1. Can you give the charge dipole size of region 130-263 about its Cα centre, rounded to the nearest 20 debye, using +1 on the beta carbon of Lys and Arg and -1 on the beta carbon of Asp and Glu?
2. Rounded to the nearest 500 deg cm²/dmol, what is the calculated helix-only ellipticity per residue at 222 nm for the chain, with -39500 (n - 2.57) per DSSP H run of length n ≥ 4?
3. What is the calculated FRET efficiency for residue 21 to residue 60, with r their C-beta to C-beta distance and R₀ = 25 Å, to the nearest 0.05?
4. Quick check: residue separation of residue 318 and residue 275 times 0.36 nm, minus the Cα distance between them. What number comes out in nm?
5. Please list 3J(HN,Hα) in residue order for region 363-375, calculated via the Karplus relation 6.51 cos²θ - 1.76 cosθ + 1.60 where θ = phi - 60°; whole Hz, with x for glycine and proline.
6. If you count, for each residue, the other Cβ atoms within 10 Å and average over each peptide, how do 334-346, 265-277 line up from highest to lowest?
7. Based on the alpha-carbon gyration tensor of region 1-61 and its eigenvalue square roots a ≥ b ≥ c, which shape applies: rounded if a/c is under 1.5, prolate if not and a/b is larger than b/c, or oblate?
8. Given the peptides 97-104, 212-219, 391-398, arrange them by the average over their residues of other C-beta atoms within 10 Å, most packed first.
Amino acid sequence: MNLHEYQGKEILNSFGVRIQRGRVAHSHKEAVEVAKQIAAETGTGWWVIKAQIHAGGRGKGGGVKLAKNLAEVDSISQDIIGMMLKTPQTPPQGKKVSQVLIAEDVYYPGEHEPEEYYMSVLLNRETSRNMIMYSTEGGMDIETVAEETPHLIFTEEIDPTVGLLPFQARKIAFNFGLSGVALKEMVKFVTALYKAYVESDASLFEINPVLKTSDDKIMAVDAKVSIDDNALFRRKEYAEMRDLREENPIEVEARAAGLNYVDLDGNVGCMVNGAGLAMGTMDLIKQAGGEPANFLDVGGTADAKRVETAFRIILKDSNVKAILVNIFGGIVRCDRVAQGVVDAYTNMGDAINVPIIVRLQGTNAKEAKELIDNSGMEIISATEFKEAADKVQEVLAK
Ligand code: GDP
Ligand code: MN
């Protein structure tokens, strides 16, 4: 589950990670009030106004602006709230901004120039270990740094049995070329950041930029935070931070129905029981020359109601031109699933406007095939896995 910058920063702050202080506002009037509060709390005279959407690159798209007085806070907030913000990470039409973060300006002049770094904490799937990835080349887009100057990106792997060790935090600070106060600050920052990552059950922290202020404080200016969905049951306070406006509406509906659904770009809808079989089905569709439109695991109880819900959700995606139902009947008998498909088809009538290919294997597969073949409905049955995928391609070619 992805969070907004302001929510990510709240979590960081709760673990003692220094952040650029700020608060969210939903209207330009509220923005001015918040700006006054921030000024009273931090002593800042300038503010940065930041569009809150689930996408990076907001600065370049005009979603991050500096305000030097309250009148500017008012006018800039008015411009940003309600705009369709386009960044390299949004859909082409952009994303609608409904709230802004009003934060203290932390790029104030002083003894040293402010410096921007990059830091993220994430899981290295190859080594099954968390790692801290960091670079002096912060502020800009890290993909470009990775492509053009990969030697400027460092990683530090963390042994899960002992956690982040003090020497590792110091090594990171040294690699940034820091000394004195800034070095101590960086060690504190890295230590708190890693603790926050582990204890919040996050799957990604990306802080770009981490800022060294002109008076040598180290703080998070931006925060991209994702919390592991599978941990939300024990992180209720984070689960409540979910912003459904930012999520794919079909996925939101599927989740509410208890279905594991991921929207994809292809045109073959998939209805499968079990995550492994669902992956296998997607592979086979691709091998036969097709493109899956979704990942959908209907789970163990593929009864008529559930099958119908799954059909309705798959068909919300207007790219779907055929649906492949691939169910393995282990505990759930195939004939019951087949009946479910037939019932759902009957109930839905014209709502089903694409060909359906059904493959049922396992307990009572033969009865299931007969049931489908004798239903008089336009459901194509298949026995073998590859046969099913080929039949999908056949109907698409027509
Ligand atoms: P992103 O573009 O979506 O990654 O948003 P960021 O939060 O990273 O902000 C983009 C850029 O805005 C930063 O790299 C900074 O250069 C600038 N910025 C952020 N906060 C401040 C601030 O307090 N003062 C000034 N002057 N610039 C800021
Ligand atoms: Mn950023």
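Just so you know, all these numbers are worked out from the coordinates, no wet-lab data involved. Predicted model only: the values in this text are computed from it and were never measured. All Cβ positions, glycine included, derive from the backbone under ideal geometry; neighbour counts span all protein chains shown.
1. With Lys and Arg at +1 and Asp and Glu at -1, about 760 debye.
2. On the way: 13 runs with 147 residues, N = 398.
Taken over the chain, the calculation gives -11500 deg cm²/dmol.
3. Working from the Cβ atoms, E equals 0.55.
4. On the way: separation 43, 0.36 × 43 = 15.48 nm, distance 2.37 nm.
Result for the pair: 13.1 nm of gain on full extension.
5. Computed from phi, the couplings for region 363-375 are 4, 6, 5, 5, 4, 5, 5, 4, 4, 5, 4, 8, 6 Hz.
6. Numbers: 334-346: 22.2, 265-277: 20.3.
So the order, starting with the most tightly packed, is 334-346, 265-277.
7. oblate
8. Output ranking for 97-104, 212-219, 391-398: 97-104, 212-219, 391-398.
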